[in-house]
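Values quoted throughout were computed directly from the atomic coordinates according to the rules given, and no laboratory measurement underlies them. What you see is a predicted model; the values in this text were computed from it and never measured. Note: ideal-geometry Cβ built from the backbone for every residue, glycine included; neighbour counts use all protein chains shown.
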Amino acid sequence: MNYKVHNLRAGGRPVPNGYSSWIDYWEKSTGLKATSCHNTVCNVSSRNANMDGAHVQRDTPNDNRWWIVPLCHRCNTQFGAHFTVSGPLVNVLDPSIILW
């Protein structure tokens, strides 16, 4: 599933205990490997660059939750940019909440 999101500037929060990074958090929560940027208009794969566990918010009224999604570093540093990502999205506060 695809989601319209915007990139958060304040994504540098501490990683929860038991995880080495936010991308590790996403991978362990979903059981998937972050092999490509999830921005639907980007074609960067992990063969070409490391993926970041990007902090995003959905462009949905009344949803202020923060989510993690794999993005390449270039896409992850476009703070405030609005774009479409492919899921899954993992909730920052509760890794059991996943939007597929």
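Miscellaneous remarks
- Ranked by the mean number of other Cβ atoms within 10 Å per residue, highest first, peptides 86-94, 65-73 order as 65-73, 86-94.
- Under a 5 Å amide H cut-off, with hydrogens placed 1.01 Å from N, Ser36 pairs with Ser46 among residues at least 5 apart or on other chains.
- About its Cα centre, the dipole of the chain is roughly 140 debye, where the only charges are +1 on Lys and Arg Cβ and -1 on Asp and Glu Cβ.
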